[in-house]
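So the structure is just underneath, and the comments pick up after that.
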Amino acid sequence: MSETNIVQKKPYVMEMEPGEYWWCQCGLSAEQPFCDGSHKGTDFAPVKAGIAEKKTVAWCGCKRTGKPPFCDGTHSSL
Ligand code: FES
């Protein structure tokens, strides 16, 4: 597997509590947009994100963002 799996061509917009999160990069997790360990055996690893304060986050759902783990608009060109 050399390319990430496109889960959806739009971000997961979520209200997040402060904490550490692991964003799924491979696109195989059943618990999107977060890692469930499904990347094992692929070339990909989850990306850690620290959220310092409660806020709305746009997690990339297409897995092709240039600014992981956040949406940077790349999905609109897929
Ligand atoms: S959902 Fe991936 S760049 Fe927007």
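The values are calculated or read from the model by the stated rules, or taken from the named source; none is laboratory data. Since the structure is predicted, the reported quantities are computational estimates derived from the model, not experimental observations. Virtual Cβ from ideal backbone geometry, glycine too; neighbours counted across all protein chains shown. These area figures cover heavy atoms from the full protein model, side chains too; ligands, DNA and RNA do not enter into them. Shrake-Rupley method; radii C 1.70, N 1.55, O 1.52, S 1.80 Å.
Hey, which lysines would be in cross-link range of residue 67, C-alpha to C-alpha under 21 Å, not counting anything within fewer than 8 residues on its own chain?
By straight Cα distance, residue 67 reaches 9, 10, 48, 54, 55.
With +1 on each Lys and Arg Cβ and -1 on each Asp and Glu Cβ, how big is the dipole of the stretch 33-78 about its Cα centre, in debye rounded to the nearest 20?
Dipole size: approximately 60 debye.
Residue-wise, which Karplus ³J(HN,Hα) couplings in Hz belong to the stretch 7-15, taking 6.51 cos²θ - 1.76 cosθ + 1.60, θ = phi - 60°, and x for glycine or proline?
Result, ordered by residue: 7, 7, 8, 6, x, 8, 8, 9, 7 Hz.
Compute the orientation-averaged projected area for the chain from the convex hull of its Cα atoms and round it to one decimal in nm².
For the chain, the mean projected area of the Cα convex hull comes to 4.8 nm².
Quick one: with all protein chains in place, what share of the accessible area of the chain is carbon or sulfur, to the nearest percent (1.4 Å probe)?
Of all accessible area on the chain, carbon and sulfur atoms account for 49 percent.
Hey, what did the stretch 9-52 get for relative contact order, percent, Cα under 8 Å, at least 6 apart?
Here the relative contact order equals 44 percent.
Ordered by residue, what ³J(HN,Hα) values in Hz, to whole numbers, does the stretch 59-75 give under the Karplus form 6.51 cos²θ - 1.76 cosθ + 1.60, where θ = phi - 60° and Gly and Pro are x?
6, 4, x, 8, 6, 10, 4, x, 10, x, x, 9, 5, 10, x, 4, 4
Just tell me which aspartates and glutamates come within less than 20 Å, Cα to Cα, of residue 63; anything on the same chain fewer than 8 places away is out.
Partners found: 3, 15, 20, 31, 36, 43, 72.
With r defined as the distance between the Cβ atoms of residue 13 and residue 52 and R0 fixed at 22 Å, what FRET efficiency is calculated, to the nearest 0.05?
In this case the efficiency is close to 0.75.
Taking 8 Å as the Cα distance limit and 6 or more residues as the minimum spacing, I'd like the relative contact order of the chain as a percentage.
38
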